[in-house]
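Asks: What follows is a structure written as structure tokens; I'll ask about it next.
The values are calculated or read from the model by the stated rules, or taken from the named source; none is laboratory data. Nothing here was measured: the structure is a model prediction, and the numbers come from that model. With ideal geometry, Cβ positions are generated from the backbone for all residues, glycine too; neighbour counts draw on all protein chains shown.
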There are 4 protein chains.
Amino acid sequence: MKLNEEYSDLNVTISFFKKEVQKFVEERNWSKYHTPKNIVQAIHCEAGELSQLLLFKNYSKEQIRNNQQLITDINDEIADVFIYLISLVNTLDLDLSNAFIKKMEKNREKYKTEEFNNGKYYKK
Amino acid sequence: MKLNEEYSDLNVTISFFKKEVQKFVEERNWSKYHTPKNIVQAIHCEAGELSQLLLFKNYSKEQIRNNQQLITDINDEIADVFIYLISLVNTLDLDLSNAFIKKMEKNREKYKTEEFNNGKYYKK
Amino acid sequence: MKLNEEYSDLNVTISFFKKEVQKFVEERNWSKYHTPKNIVQAIHCEAGELSQLLLFKNYSKEQIRNNQQLITDINDEIADVFIYLISLVNTLDLDLSNAFIKKMEKNREKYKTEEFNNGKYYKK
Amino acid sequence: MKLNEEYSDLNVTISFFKKEVQKFVEERNWSKYHTPKNIVQAIHCEAGELSQLLLFKNYSKEQIRNNQQLITDINDEIADVFIYLISLVNTLDLDLSNAFIKKMEKNREKYKTEEFNNGKYYKK
């Protein structure tokens, strides 16, 4: 792994994350724990930790961005959810980019801009 | 958006997902809904939908991979969790790749291979 | 089961819920599904369904109480979370009332009224 | 509050829990935090803490029951989910017993014993 500064959302592909997570799991011989059901459970748990950072708080976006400790904690918990999501993708040999593209197409079809053009929202 | 086939985990960066999600949200004037707390709540909800696909089932990985409808559904729900994760990253102006790199470093430090080298696992 | 009207929070004990849930599970031969891990997963799923009823909404309590369909839906989803919680208590042969009493004592000790007397809140 | 030993699932009604939770919340002036959305978020968080106790573990029921520390922790986390569920019931002035009765009727209708009589399960 090179220096942090070399990696950013501008240049890192999903494949990189997949390889990093796979290596981490295999080096610890943890593949046996990473069944689809266990990973989904882990996503629930990490989402809960992320959620706790905001529970009973009414932070504005600015207050969050200006709170360095909170931003660090949020970054860590977002990363944890993401890491398990990537591990699930690894375990089932999926392509996250392709899944994203297809789901976005469905979402655009379901929530057409002609119908949802004034800031309306309702579950469809 | 071009054809699905052009996009894969080998060549898509996080910036692409960020732009796609931002465009989707803005075209519907939904930014006002995408507060950090609401997005985290949405992650809980989508994780729940993902989880339901496996609830009370004992699928092997092979059974999941060979069940085309299930794979489609899992892809869709993974994508939904990911979309909201990206929206949270957008809202708070974070860099997911950098968050990932930093958290993986902490994880490697916390779960050292010298200690976790035999498939052991316990919460630290 | 007698008429709904006979049961209310004033006169129903936890034992009643435990028996009803146990009977429901056994009549369908579903005990094998109700492992602790599966039930906890089900709680995540049902919490997600409850959560979706409020997602991206800014209902006041009055708006919720005056929306009969929403109240019915919320009642149903609260009941689902509760049913699985009771099933977990059944599976592990616990006493929910005793667990509640003990946890409330811990909570009173942790969040002392001398310290939390002005509507303050922070995670301890 | 009298001695723990006096309370058990055989004799405690939901009204007792409702009053205890209400008193706890009011004594700390926390009613303002206990909006329906916040409480639902808290349920997600507490379910996550409960879930973590079992994550990546393959405990049998007997192993859990014989592990006194784990049983204490599980009791505490079940109680936390329950406390927030009761707080939601309080906030919306609902009757949990009535919600339970009605949902169980729907469940019996949906999962008829004639159809689900051999340990089958599928989402309906």
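Asks: Residue under question is C:LYS112, and the condition is that it be at pLDDT 95 or above and more than 23 Å from D:SER97 (Cα to Cα); does it hold? Let's see the steps before the verdict.
Replies: On the way: at pLDDT 95 or above: no; more than 23 Å from D:SER97 (Cα to Cα): yes.
The answer is no for C:LYS112.
Asks: Tell me, yes or no, whether segment A:48-63 has at least one residue that is surrounded by 15 or more Cβ atoms within 10 Å (Cβ to Cβ) and either acidic (Asp, Glu) or in contact with a Gly (Cβ under 6 Å, 6 or more places away or on another chain) (or both). Give the derivation first.
Replies: First pass over segment A:48-63, keeping only residues surrounded by 15 or more Cβ atoms within 10 Å (Cβ to Cβ): A:48-57, A:59.
Then keep just the ones that are either acidic (Asp, Glu) or in contact with a Gly (Cβ under 6 Å, 6 or more places away or on another chain) (or both); that gives A:48-49.
Yes.
Asks: From the list B:PHE24, B:PHE82, which one is more than 30 Å from C:SER31 (Cα to Cα) and surrounded by 22 or more Cβ atoms within 10 Å (Cβ to Cβ)? If you could, list the steps in order and put the result at the bottom.
Replies: Details: B:PHE24 fails: surrounded by 22 or more Cβ atoms within 10 Å (Cβ to Cβ).
Residue meeting the stated conditions: B:PHE82.
Asks: Only one residue in B:GLU62, B:GLU115 is more than 23 Å from D:ASN38 (Cβ to Cβ), outside any loop (DSSP other than H, G, I, E, B) and away from chain C (no Cβ under 12 Å). Which one?
Replies: Details: B:GLU115 fails: outside any loop (DSSP other than H, G, I, E, B).
The conditions single out B:GLU62.
Asks: Output the residues belonging to segment D:65-76 that are within 9 Å of chain C (Cβ to nearest Cβ) and hydrophobic (A, V, I, L, M, F, W, C). Give the derivation first.
Replies: Kept after step one, since they are within 9 Å of chain C (Cβ to nearest Cβ), are these residues of segment D:65-76: D:65, D:71-72, D:74-76.
Result: D:ILE71, D:ILE74.
Asks: Given the conditions (1) among the polar types (S, T, N, Q); (2) closer than 30 Å to C:TYR33 by Cα; (3) more than 7 Å from every other protein chain (Cβ to nearest Cβ), and given that B:SER51 satisfies all but one, which numbered condition is not satisfied?
Replies: The single condition B:SER51 does not satisfy is (3).
Asks: Suppose we filter D:ASP9, D:ASP76 for residues that are closer than 18 Å to C:LEU10 by Cβ and surrounded by 17 or more Cβ atoms within 10 Å (Cβ to Cβ); which single one remains? Before the answer, list the steps.
Replies: Numbers: D:ASP76 fails: closer than 18 Å to C:LEU10 by Cβ.
Within the list D:ASP9, D:ASP76, the selection yields D:ASP9.
Yes or no, residue by residue, for (1) within 14 Å of chain A (Cβ to nearest Cβ); (2) not in a loop (DSSP other than H, G, I, E, B):
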{"residue": "D:ASN11", "(1), (2)": "no, no"}
{"residue": "D:GLU20", "(1), (2)": "no, yes"}
{"residue": "D:PHE56", "(1), (2)": "yes, no"}
{"residue": "D:ILE78", "(1), (2)": "no, yes"}
{"residue": "D:TYR84", "(1), (2)": "yes, yes"}
{"residue": "D:VAL89", "(1), (2)": "no, yes"}
{"residue": "D:PHE100", "(1), (2)": "no, yes"}
{"residue": "D:LYS106", "(1), (2)": "no, yes"}
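Asks: Determine whether A:LYS32 is under 23 Å from B:GLU115 (Cα atoms) and at the interface with chain D (Cβ under 10 Å from one of its Cβ atoms). Full working, then the answer.
Replies: Numbers: under 23 Å from B:GLU115 (Cα atoms): yes; at the interface with chain D (Cβ under 10 Å from one of its Cβ atoms): yes.
Judged against the criteria, A:LYS32 is a match.
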